[in-house]
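Data first, discussion second: the structure below is written as structure tokens.
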Amino acid sequence: MSHTWWRGAAIYQVYLRSFADGNGDGVGDLAGLRSRLPYLKDLGVDAVWLNPWYPSPMADGGYDVADYRGIEPVFGTLGEAERFIAEAHELDIKVIIDVVPNHSSTESDWFKEALANPAARDRFWFRDEPNDWQSIFGGPAWTQVPDGQWYLHLFAPEQPDFNWDNPEVHREFEDVLRFWLDRGVDGVRIDSAALLVKSDTAYEDLDPVHDVYRRWRQVAEEYDERVLIGELWLADQERFARYLRPDELHTAFNFDFLACPWDPDELRRVIDLTLATHAPVGAPPTWVLSNHDVTRPVTRYGRSDTSFAHGGALHGVPSDPELGYRRARAAALLAMALPGGLYVYQGEELGLPEVEDLPDELRQDPMYARSGGANPGRDGCRVPLPWSGDEPPFGFGGSRPWLPQPESWRKLTAESQLADLDSMLNLYRHGLRLRREHLGDGTLTWLPAAERVLAFTRDTGVTCVTNLGTETVPLPDGVVLLASGGLEDGALPPDTTAWVR
Ligand code: NOJ
């Protein structure tokens, strides 16, 4: 098994619109990101993954791509993207971009051509009659065009699905991959990776989709050390592992871990299942606590139901902020200690809570509108980051960020947290540094432990203990490298993780 960089990498997810605004228009951009590269270097991450940065009408935050070979002007230019890649590489940070092969934008040249000319519709999924499929964002998955035909959109109507039975679509995406790999990107995150190939009766996880990724793997192998990462929400672990066979994708997001409640038995079950799923195919697991689609961990872990489910992304559910914060710290050290890759979604390292009280008229997520407001959508985890200062926009740039930041975030700015040794930011900085030295790729061995306690030793000799019970428990002998909260006479209090060597 080759030990390449991505097997144990800590990958920081940049939601560009909300990271840092370099030109003062209220929307994050490449200039802002470039100016904050030293922050990411100091945080100690190995790579960044950027959500889609292509020209887009932003009907779904950029997942409606109008041109796969360009940069959204609000974010910058292709030249700036190239400079960003070079600057990240100078700092030894790899760059991963998002590729969206399931669907396009109604503003793409191909779709405009299809609308104008019924003979040019085979690149998309047009039918004379719709079936009963519902969009993942709510409402019907079909929209009728003026001449009477219907096109399929598994997401918003602005996101028409491609027809992967058409060889031209295959050629186009292989070319798009080369376009970016030639520009030095180190990997791609593949959006909705299990949905591409469809039949008239099914659209998830159809066998021919694997041919697509075998081809993409060949393309990636034409380059050095590039990584293909699948966004795969599949319940069946055996089916999931098929995407990670040695001639397909390199890794995939672990959504079972992300959705798992703060419960020792459930966590143990998910960790074991993850390891058992990945081992036969030789792919490294990944550990993910949050991303731009899910409720922020600090808020989720403070609720009585600490699991995450898409339909269940409710607002206004009571959450104990101190408990949530404490558990999010413990979860962070647990995730960092597990063998494989790690994802950190921007703002997770600042302990940002979900913003639940955004004014309805500012909500942009199509999930909100398409569910008639029943689903609050994902804007609450996408609020621009607080960098510094005492009042909004907290150093984000400009004067009015595209989503308003809570006043209370003055305590959560990167600047104020850097000055506080016990802050979430310093926990992440310290943890990621130690992780680089002692953790990452490898194996684990479970240790006997008290009830509601998870304890394992890594192949490198570091032991990780997480206490999910209500009593303080003793720690094994050794030096405590790091703990997510204060110890009590050397013992581990509830909702706390410690690393011991
Ligand atoms: C998954 C992405 O993470 C999400 O943000 C997006 O809305 C859907 N795919 C559709 O592209």
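The values are calculated or read from the model by the stated rules, or taken from the named source; none is laboratory data. In this text, all values refer to a predicted model and were calculated from it rather than measured experimentally. In this analysis, Cβ positions are derived from the backbone assuming ideal geometry, glycine residues included, and neighbour counts consider all displayed protein chains. Ligands, DNA and RNA are excluded from the accessible area calculation, which covers all protein heavy atoms including side chains. Shrake-Rupley method; radii C 1.70, N 1.55, O 1.52, S 1.80 Å.
Take the stretch 61-173, compute every pairwise Cα distance, and split them into 5 Å bins from 0; I just need the percent in each bin.
2, 11, 19, 20, 16, 12, 8, 6, 4, 2, 0
Assuming 0.36 nm per residue, please report the length gained on full extension of the stretch residue 77 to residue 41 beyond their Cα-Cα distance.
Difference between extended and current length: 10.6 nm.
How large is Rg over Rh for the stretch 1-145, taking Rg from the Cα atoms and Rh as the Kirkwood inverse mean of 1/r across Cα pairs?
Value, to two decimals: 1.07.
Per Stokes-Einstein, at 4 °C and 1.567 mPa s, what whole-number D in µm² s⁻¹ belongs to the stretch 143-247, with the Kirkwood radius over Cα pairs as the hydrodynamic radius?
Here the translational diffusion coefficient equals 85 µm²/s.
Placing +1 at every Lys and Arg Cβ and -1 at every Asp and Glu Cβ, with all other atoms neutral, what dipole size does the stretch 193-314 have around its Cα centre, in debye to the nearest 20?
260
Note the angle between two axes, namely the Cα long axis of helix 264-278 and the longest principal axis of the Cα atoms of the chain, as a number of degrees from 0 to 90, rounded to the nearest 10.
The two axes meet at around 50 degrees.
Given the peptides 363-373, 132-142, arrange them by the average over their residues of other C-beta atoms within 10 Å, most packed first.
363-373, 132-142
Just the accessible area per residue of the chain, please: how many Å² with a 1.4 Å probe?
Averaged over the residues of the chain, the accessible area is 37 Å².
For the stretch 195-310, give the percent of accessible area contributed by carbon and sulfur heavy atoms, probe 1.4 Å, rounded to a whole number.
For the stretch 195-310, the apolar C and S fraction of the accessible surface comes to 48 percent.
Ordering 206, 492 by accessible area with a probe of 1.4 Å, largest first, what comes out?
206, 492
According to the Kirkwood expression over distinct Cα-Cα pairs, how big is the hydrodynamic radius of the stretch 258-312, in Å?
Over the stretch 258-312, the inverse of the mean reciprocal pair distance is 12.4 Å.
Can you pull the semi-axes for the stretch 194-281, root of five times each eigenvalue of the Cα gyration tensor, sorted largest first, whole Å?
25, 18, 10
For the stretch 393-442, take the convex hull of the Cα atoms, compute a quarter of its surface area, and give me that in nm², please.
5.1
Any number yet on Rg/Rh for the stretch 205-255, C-alpha, Kirkwood?
A ratio of 0.96.
Could you check how many percent of all C-alpha pairs in the chain are farther apart than 28 Å?
53
Using a 1.4 Å probe on the protein heavy atoms, what percent of the accessible area of the stretch 430-501 belongs to carbon and sulfur?
The C+S portion of the solvent-accessible surface of the stretch 430-501 is 50 percent.
Placing +1 at every Lys and Arg Cβ and -1 at every Asp and Glu Cβ, with all other atoms neutral, what dipole size does the chain have around its Cα centre, in debye to the nearest 20?
It comes to approximately 960 debye.
If the only charges are +1 at each Lys and Arg Cβ and -1 at each Asp and Glu Cβ, what is the size of the charge dipole of the stretch 121-186 around the Cα centre, to the nearest 20 debye?
My answer is approximately 120 debye.
To make sure I understand the rule: partners must be lysines, Cα under 30 Å from the Cα of residue 41, and not fewer than 8 residues away in the same chain. Which ones qualify?
94, 411
Within the accessible area of the stretch 356-427, what % is carbon and sulfur when the probe is 1.4 Å and the other protein chains stay in place?
49
Taking a 1.4 Å probe, which of 411, 112 shows the most accessible area, and what order do the others take after it?
411, 112
What translational diffusion coefficient, in µm²/s and rounded to a whole number, does the Stokes-Einstein relation yield for the stretch 118-168 at 25 °C and a viscosity of 0.890 mPa s, taking the hydrodynamic radius as the Kirkwood radius over Cα pairs?
After rounding, the answer is 221 µm²/s.
Where does each of 445-458, 231-244 land if you order them by average Cβ count within 10 Å, highest first?
231-244, 445-458
Return the Rg/Rh ratio of the stretch 399-501 with Cα-based radii and a Kirkwood Rh.
Radius of gyration over Kirkwood radius for the stretch 399-501 works out to 1.08.
Taking the square root of 5 times each eigenvalue of the Cα gyration tensor, what semi-axes in Å does the equivalent ellipsoid of the stretch 312-403 have, largest first?
Computed over the stretch 312-403, the values are 25, 20, 13 Å.
Just the number, please: percent antiparallel of the DSSP beta bridges in the chain, rounded to the nearest 5.
50
Where the centre of each part is set by its Cα atoms, how far does the stretch 282-297 sit from the stretch 351-373, in angstrom?
21
Given that compact globular proteins tend to follow 2.2 N^0.38 Å, what is the ratio of the alpha-carbon Rg of the stretch 303-342 to that value?
That works out to 1.40 for the stretch 303-342.
Provide the packing ranking of 418-424, 48-54, i.e. peptides ordered by the mean count of other C-beta atoms within 10 Å per residue, highest first.
Averaged packing, sorted descending, gives the order 48-54, 418-424.
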